[in-house]
Structure formats: structure tokens, C-alpha cells
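Beneath this line is the structure, given in C-alpha cells, with notes to follow.
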């Protein structure tokens, strides 16, 4: 399933919207990516037991960072791809639910891809 909306928000430009971009910088401290998925096609009363998110790093380094991609559930889906900013972003719910080391590599596509699985 592809996201129906996605955008980056960053504390270094807290009123800037990045919804028109297709590649983002992700850093746990100051730059986050929001993705919204349309779940309306799921059967009513279904209970989702796990989610799997696949991401690919095409370039990048972890300058004194940890190199992980983190996943956090955001229950508030009342944001828009072309208007979300750091200053108006909805908060995540609870702790990080998944993390995956996602280092860029010149060797294979498989090494560039990270998968976060969220169970529960």
C-alpha cells in the first residue's frame, strides 16, 4: 500500500512545508517524515495485528548519529501534505514502535532497504 500523503517536517525550518518533495532527510532529533495511509478499504471491525514499513536509503550518512530509521504511530490523521510543518505537526502516540539500521551502501539494493515491523 502506498501512502496517500507524505511530507517532511524539520525544526531548522519550523514553518516550511516539504510536501512537494519526493526525498527527505530523516533525523530523530530534528527532521521527521509523516506518511498517511488510506485504510478505508479494510473490512469493518478488522483488528490490525502488525504493520510492515519498507524504506530505501538512496544516499546519506549518519554524522555522529545512530543510523536507524524509527517508526512511531500518529493517531491524528488531520494533517495535509502541503501544509504540515514542524510547528503544526501532530504528536506521535507512545514510544517508538520499530527501528531499523538503514545505512547507505554502494554495494546492493538489499543493503539500502530497511524494514520496520510493528506488532501488537
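Scan the range 1-15 residue by residue and report those that are touching a helix residue (DSSP H, G or I) at 6+ places or on another chain (Cβ under 9 Å) and part of a loop (DSSP other than H, G, I, E, B).
Correct list: 11, 12, 13, 14, 15.
Name the residues in the range 26-44 that are in contact with a strand residue (DSSP E or B) (Cβ under 9 Å, 6 or more places away or on another chain) and either more than 16 Å from residue 74 (Cβ to Cβ) or not in a loop (DSSP other than H, G, I, E, B) (or both), would you?
Within the range 26-44, 27, 30, 31, 32, 33, 34, 35, 36 meet the criteria.
Looking only at residues in the range 52-89 that are part of a loop (DSSP other than H, G, I, E, B), out of contact with any strand residue (DSSP E or B) (no Cβ under 8 Å at 6 or more places or on another chain) and at pLDDT 70 or above, which one is nearest to residue 13 (Cα to Cα)?
Step by step, filter the range 52-89, then rank; the result is 83.
For the range 16-25, check the following and say yes or no: at least one residue is under 12 Å from the mean Cα position of the chain (by Cα), part of a strand (DSSP E or B) and either at pLDDT below 75 or surrounded by 12 or more Cβ atoms within 10 Å (Cβ to Cβ) (or both). Let's see the steps before the verdict.
Of the range 16-25, the ones under 12 Å from the mean Cα position of the chain (by Cα) are 23-25.
Now narrow it down to the ones that are part of a strand (DSSP E or B): none.
The answer is no; no qualifying residue exists.
The values are calculated or read from the model by the stated rules, or taken from the named source; none is laboratory data. The shown structure was predicted, so the numbers you read here are calculated from the model rather than taken from an experiment. Cβ: placed from backbone, ideal geometry, glycine included. Neighbour counts: every protein chain shown.
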